[in-house]
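Student: Take this structure first; my questions come after.
FYI, it's all coordinate maths here, none of it is from the lab. Everything quoted here is computed from the prediction, not taken from an experiment. Heads up, the Cβs are rebuilt from the backbone with ideal geometry, glycines too, and the neighbour counts pull from every protein chain shown.
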Amino acid sequence: MEAEYNPHAIEKRWQQRWLEEKTFATGRGGEKYYLLEMFPYPSGKIHMGHVRNYSIGDVVARYQRMQGRDVLHPMGWDAFGMPAENAAIAHGVHPAAWTRRNIDEMRAQLRRMGFSYDWDRELATCDPDYYRWEQVFFLKMLEKGLVYKKKSQVNWCETCQTVLANEQVENGCCWRCGEETEGKDLEQWFFRITAYAEELLAGCDELKEGWPERVITMQKNWIGKSVGAEIDFPVEGRELKITVFTTRQDTLYGATFMSLAPDHPLAAELARGTGQEEAVAAFVDKMRRQERSDRDLAQLEKEGVFTGSYCLNPVTGRKMPIYLANFVLSGYGTGAVMAVPAHDQRDFEFARMYDLPIIVVIQPEGEERLDPATLTEAYTGEGVLVNSDRFDGCPNRKALDLIAAYLEEQGIGKKAITYRLRDWGVSRQRYWGAPIPIIYCDKCGVVPVPEKDLPVTLPEDVDLDGSGGSPLARVESFVKTTCPQCGAAARRETDTMDTFVESSWYYMRYACADYDQGPLEREAVDKWLPVDHYIGGIEHAILHLLYSRFFTRVLRDLGYIKFSEPFTRLLTQGMVIKDGAKMSKSKGNVVDPNALIEKYGADTARMFSLFASPPELDLEWNDQGVEGSFRFLSRLWRLVYALLPALNGVEAYNGSIAEVPAAYAGLRRKTHQTISRVRSDVEERMHFNTAISAVMELVNELKSYSCDQAREDEILAALLREAVETVILLLAPIVPHICEELWAEIGGSGELAYAPLPEVDPDSLIEDTVLVVVQINGKVRERLTVARDLDSEEVKKLALASSRVQKYTDGKTLRKVIVIPNKLVNIVV
RNA sequence: GCGAGGGUGGCGGAAUUGGCAGACGCACUAGACUUAGGAUCUAGCGGUAUAACCGUGGGGGUUCAAGUCCCCCCUCUCGCACCA
C-alpha cells in the first residue's frame, strides 16, 4: 500500500474492472429495485448538474445493492433535439455524427465518475431501433382517437423555427432559447392528453407519499380543474345563444352584461347590422396586434367594445349588453363570461370603465348592506343571496348546487367541469426528431404508414441551411412516396415529433433495451417497472413528468403495461450555483467536471457534491470545500495506512458490548452510532451530507488510536478492524473507488459492491452514563454525568446537591423542579 | 395578486419528538514539525463589557423550557398569474 492517496491510478483500475466484470449488471438475486436518474441530452460535456444528479442516484443504487437488492440502474441518451441541428447549420457537421461523437465523449466522462450503470442497457433515442416503436405508439394512438390533427393557433418560436407545446412556453417565451413566442395558425398533430385530465389529477393523490408536495401542486395547478356550470344565454332577436362557463352560478342573478374573448367566433356575427361593425373590427384587430407586444396582460387595463347586441339573463330576463373584453381568454371554458360586477373584480373594473349596472346578490352576514353605488371593489367573499328571487336568503355555498340543479331542471344549463390543461401539440418543424408516420394522398386523405413499413427512417442526406420550414420537406426522396391504400403518388408528413415524446417512455424501454419483437417485452417490464426511485431536476416538474404520466396511462390502455404511475418516488435535486448564480457560460462561473477529476479524482467530486448540502436544496459550489473533501479522503487513506499492520489477519469484533473493556466501549459505541445515523440519514431522509459528517466523526475518533496500541491488545485490534470496515462499507456508495482499494488492502471479504451493509447492534448504542443538563430557570448552570435511567428523585437530589447549583438556589424558594430522564433537570426558583 | 418553500456564526450547513443552538466541513488564529509551507499534526474559533450577559429576520404570546408551537410584520427564492 502506498503511503499517500493517489486517486488516479486507483480510479482507473476499478472502473476498468467494473466494466470488464459487468459488476453492475442485474440478476444477482434479491428484490428488484429500479433506480433511475433523468437521462441527459448529449451536449458533449457533462456539467456539474449532471455530476450532482448522477452522484445522488449512484449512492442510492450502490446502497440498495449492498442491501441485497437486484438493482436496475441504466443510462442512455435523450439524443434528438435542436442543438444537434443548430451545430449542423453552424459547422456543417451532420446531426447524427455530431450526436454520436458527443455520446461517446459523455459516456467516457460518466465512466470516469465511476457511476454504477448497467451499460448493456444503454439506449439512444435517435436510434431507429428506438424511435420505430414510438411510431408504432403513434399509430395505435391514432386508431384509438388519442392522436388527431387540427388547425389552431399555436405557439411559434421564430428563433427555433418551430412550434412549441403550451408546457414549453414560460411567460410567453420559449423554454429553450428564451425568445418571445408568437401565435400562429398551423395544422398540427395533437396528443389528447385532456382525455386523461381527471385521471392525471386523481393520480396525484397516489403520489403524495413519494413525490415532493411542490411538484404535485404544480401538476395540479397545471391541470387546473374548475367545477361549475355551463349556462346558456339567448341572444335577443336571433336564433343564437351564448354559452358561458362559470364557477359562480350562485351569482347568476347579478349578471348584468356579457364578455366575450376578442377572437370569439361570434364576434363579427353579433355586430352585424348594429352599427358597431367597424368598432368591433377595429378592436379585434388591435387585440391581435397587441398579443405579441404586451405580454403583461395582468397589468393591462380593462378594455372592451360593445358588439351592439344583447342577450338575456335566463333567470331574470334582464337585457345584457354583449361586449368583447381584452381579459377574456378564448382558450379557456367557452371563451364567454357572464359578468357579475358586484362579485368579480375584473367585471367590476370593466363595469366602472364602461358605466355598466352593478347588482349586489350576495350580502355578507352581519355586515352593513353592500351598496352598488359606493362599492370600491367587488365583494368575492361568502354570504347570503339577495335579489335572487327564490334563492333569497340561501347561503351562497349552498346556492352553488341548488342553482346548478335548477338550471338543469329548466334546461338552460348544466353542471360542468373545465380544465386548464390543453392537448399536447407534438408536431415540430425540424429535422432531428422522430418522423411522424403519416402519408398524405390526394384521394385517400390522411393515411397512416402501415406498421410493417416502419420505421419511417430519417433520411441522412439532408440540406440543413437554417432557411426555415421543415427541412424534411426539401428532401424529395423522403417526401415522395406512394399511398399505402391506393398506390397513387403521395407525400409524407414532414414534421417530426416533439422530443418529449421519446423521454415519455424511455424508462420502460430500459427493461428490455434489446428486444426486437415489439416496443416492450411484457415479462421484463412487469418485473422492473414502475421506477422505484426517480431523480432529476425540478425544471421538469410539469413538462417531462406530466407527459410521462400521460404516456404511461396511454400505454396501459393500449395493453402494453399494467401500471398507471411511472415513478413511485421522486427526488428533485436543487441547482448547482456558484457566486450566488446558476452556473452558466455567460456568467463565467462554470466549473468543469473534467478539470475537477484531473485535479482531485472522481471520488472527491462525488463526495463534495453530496456533502455540501442536502439533495433538494441548491448547492453552492466552493473550491475550498472541494479541497476539504479531498483532504478528508487523504486523511482516511493515511489512517488505514497507519493501522494496516494491526488490522491484517484480524477478525472484526463480533461480540457483545458487555465484553468490551470500559476504555474501549466508547469506540464500539461510536462505531454503531455511526452505522445507525448513516442508515437513517440515507434510508429515510436521503441526507447524504449528514451521513458523511457522521462518518467523519468516527474517523476523527479513530485518529486517537495507534497501531502499536492495537498490536498489544487483541480486543482493541478487533474493535479497530470493525470500525475501519464500517467506515469503508458506509462510504462505499459515496466514494466507491477509494473504498474498493482500501477494502482490498485490508483484505475485506467478497466484492465490496455487494458486501452487506453493517448492522446496528442496539446494545452498543446505549451509554451506561448520560450527561444530564441542570438548568436554573431555563439557563444551563451545571452538567452532571449520571448512570443511565437513574431514578428521577435521585437525579433531582444530585442536581440540588451540586455546589454550582447551590450558588443559585441559596436563600431562594424552590418553586418547581422538572426532571426529564436522561436529559435534563430544570429548577425554577 | 395567489400558492409553495426559505431566513441559524465570516461561509456551506447540523439540531429526527419543544429539552445543552452552532454537529461536520470551509475560512480564520496560535502552536508543533520544517530549508520552506498553499503539506501534515495539535489546539482555539457566535458576540461582548468574559465568575456574567446577549444571540436562530423583527415584534408579541404559550411553556419550567421555543430555532422548533401560536399571532402580527419584514424579507428572499420558486411556481402560477385576468382560468371566469
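Student: Fewest to most neighbouring Cβ within 10 Å: what's the order for A:His687, A:His73?
Tutor: A:His687, A:His73
Student: With a cut-off of at most 14 other beta carbons within 10 Å, and DSSP calling the residue loop, which GluC sites (Glu not before Pro) in the stretch A:439-476 qualify? Please list them.
Tutor: Counting only loop positions with at most 14 other Cβ atoms within 10 Å, the GluC sites (Glu not before Pro) in the stretch A:439-476 are A:Glu460.
Student: I would also like to ask the following. A:Glu767 to A:Val446: extension gain in nm, 0.36 nm per residue of separation minus the Cα-Cα distance?
Tutor: 107.8 nm
Student: What share of the DSSP beta bridges in the stretch A:769-828 is antiparallel, in percent to the nearest 5?
Tutor: Counting DSSP beta bridges with both partners in the stretch A:769-828, the antiparallel share is about 75 percent.
Student: Can you pull out the GluC sites (Glu not before Pro) in the stretch A:369-423 that DSSP calls coil and that have at most 10 other Cβ atoms within 10 Å?
Tutor: A:Glu377
Student: A:Ala665 versus A:Cys177, label points 7 Å from Cα toward the beta carbon: distance in nm?
Tutor: Simple spin-label model gives 7.2 nm for this pair.
Student: Loop-only GluC sites (Glu not before Pro) in the stretch A:750-829, please: DSSP not H, G, I, E or B, and at most 12 other Cβ atoms within 10 Å.
Tutor: Hits after loop and neighbour filter: A:Glu759.
Student: Let me ask something additional. Name the residue from A:Leu400, A:Tyr332, A:Val386 whose Cα lies farthest towards the positive end of the charge dipole of the stretch A:332-412, charges +1 on Cβ of Lys and Arg and -1 on Cβ of Asp and Glu.
Tutor: A:Tyr332
Student: Just need the relative contact order of chain A here, percent rounded to a whole number, with Cα pairs under 8 Å and 6+ apart.
Tutor: Dividing the mean separation by the residue count of chain A yields 14 percent.
Student: Turning to a different aspect of this structure: Measure nothing but the geometry: give the 0 to 90° angle between the long axis through the Cα atoms of A:714-731 and the longest principal axis through the Cα atoms of chain A, rounded to 10°.
Tutor: Taking Cα atoms only, the helix is inclined about 20 degrees.
Student: If you don't mind, another one. Please state the charge dipole magnitude for chain A, taken about the Cα centre, from unit charges on C-beta atoms (+1 on K and R, -1 on D and E), reported in debye and rounded to the nearest 20.
Tutor: Computed about the Cα centre, the dipole is about 800 debye.
Student: I want the local charge near A:Gly748. Using Cβ-Cβ distances under 11 Å, sum +1 for each Lys or Arg and -1 for each Asp or Glu among the other residues.
Tutor: -4
Student: Can you tell me how much longer the chain between A:Glu460 and A:Glu236 gets when fully stretched, taken as 0.36 nm per residue apart minus their C-alpha distance, in nm with one decimal?
Tutor: 74.5 nm
Student: Within chain A, what percent of beta bridges assigned by DSSP are antiparallel, to the nearest 5?
Tutor: 75
Student: For A:Gln709 and A:His8, what is the calculated FRET efficiency with R₀ set at 35 Å and r taken between the beta-carbons, to the nearest 0.05?
Tutor: Computed FRET efficiency for A:Gln709 and A:His8 comes out at 0.55.
Student: Where the only charges are on Cβ atoms (+1 Lys, Arg; -1 Asp, Glu), what is the dipole of the stretch A:769-828 about its Cα centre, to the nearest 20 debye?
Tutor: The dipole magnitude comes to about 320 debye.
Student: I want the local charge near A:Thr380. Using Cβ-Cβ distances under 11 Å, sum +1 for each Lys or Arg and -1 for each Asp or Glu among the other residues.
Tutor: -2
Student: At 0.36 nm per residue, minus the direct Cα-Cα distance, what do A:Ser43 and A:Ala90 gain on full extension? Give it in nm, one decimal, please.
Tutor: Result: 15.4 nm gained on full extension.
Student: Could I ask something else about it? Please compute the contact order of the stretch A:225-419 in relative form: average sequence separation of alpha-carbon pairs under 8 Å and at least six residues apart, divided by the residue count, as a percent.
Tutor: 29
Student: Turning to a different aspect of this structure: Zone of A:Lys150 (label point 7 Å along Cα→Cβ, backbone N under 17 Å): which residues in the stretch A:164-200?
Tutor: Residues A:164-167, A:184-198 qualify, since their backbone N sits under 17 Å from the label point.
Student: At 7 Å along the Cα-to-beta-carbon direction for both A:Glu701 and A:Asn822, put a label point, then send me their distance in nm to one decimal.
Tutor: Rounded to a tenth, the inter-label distance reads 1.6 nm.
Student: Could I ask something else about it? Taking a threshold of 27 Å on the Cα-Cα distance, which of the pairs A:Lys45/A:Lys587; A:Lys149/A:Lys225; A:Lys140/A:Lys184; A:Lys670/A:Lys807; A:Lys149/A:Lys415 fall above it?
Tutor: A:Lys140/A:Lys184; A:Lys670/A:Lys807; A:Lys149/A:Lys415
Student: Right, another one. Magnitude of the Cβ-charge dipole of the stretch A:1-103, K/R +1 and D/E -1, about the Cα centre, nearest 20 debye?
Tutor: The dipole of the stretch A:1-103 has a size of about 140 debye.
Student: Given a Förster distance of 35 angstrom, what is the FRET efficiency for A:Arg788 paired with A:Leu617, based on the Cβ-Cβ distance and rounded to 0.05?
Tutor: 0.45
Student: Ranking A:Thr418, A:Thr726, A:Thr671 by Cβ neighbours within 10 Å, fewest first, what do you get?
Tutor: Going from sparsest to densest Cβ surroundings: A:Thr418, A:Thr726, A:Thr671.
Student: Something else now. Relative contact order of the stretch A:596-765: what whole-number percent is it, with Cα pairs under 8 angstrom and at least 6 residues apart?
Tutor: Computed value for the stretch A:596-765: 32 percent relative contact order.
Student: Another question, then. As an exercise, use a Förster radius of 51 Å and the Cβ-Cβ distance of A:Arg631 and A:Arg289 to find the FRET efficiency, rounded to the nearest 0.05.
Tutor: 0.20
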